[in-house]
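The values are calculated or read from the model by the stated rules, or taken from the named source; none is laboratory data. Just so you know, these numbers come straight off a predicted model, no measurement behind them. No Cβ is skipped: glycine too gets one built from the backbone with ideal geometry, and neighbour counts run over all protein chains shown.
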Amino acid sequence: MLIIDRFEGDWAVIEDGSKTFNLPRRLISKGAREGDVILIRVTVDREATAARENRVRGLAADLFRD
C-alpha cells in the first residue's frame, strides 16, 4: 500500500511499508492529502520509445560516418 506521508515543496514523500521514496508532486492528483492511499500505474509508450530509438540510431550513424 502506498501512502502520502507528506509534501515537501515540489515533492510528495510516499511510504511503501517501512520504506519511503519521493515522487514529483505534479504526478499526484490535485486534492490529494497527507494520509491518502495512492495507486501508481506504469505503462510503456511504444511510439515514443520507437521515436527515441530512431533518433539515437540517426545520431550514431552521423557520429560514425566515414
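Kindly list, by first and then second residue, each pair from a residue in the range 1-18 that is at negative phi to a residue that is part of a strand (DSSP E or B) and hydroxyl-bearing (S, T, Y), limited to pairs with Cβ atoms under 6 Å and residues at least 6 apart or on different chains.
Sorted first by the residue in the range 1-18, then by its partner, the pairs are V13/T20.
Any residue that is among the β-branched types (V, I, T) and over 17 Å from the mean Cα position of the chain (by Cα) - is there at least one of those in the range 7-25?
No, the conditions are met nowhere in the range 7-25.
Give the residue, chosen from A32, A60, A51, that is at pLDDT below 95 and surrounded by 10 or more Cβ atoms within 10 Å (Cβ to Cβ).
On inspection, the qualifying residue turns out to be A60.
When the residues of the range 1-29 are filtered to those that are of a type in the set (D, E, K, R) and part of a strand (DSSP E or B), which remaining residue is surrounded by the fewest Cβ atoms within 10 Å (Cβ to Cβ)?
K19
Can you find a residue in the range 40-61 that is part of a strand (DSSP E or B) and of a type outside the set (F, W, Y)?
No: zero hits.
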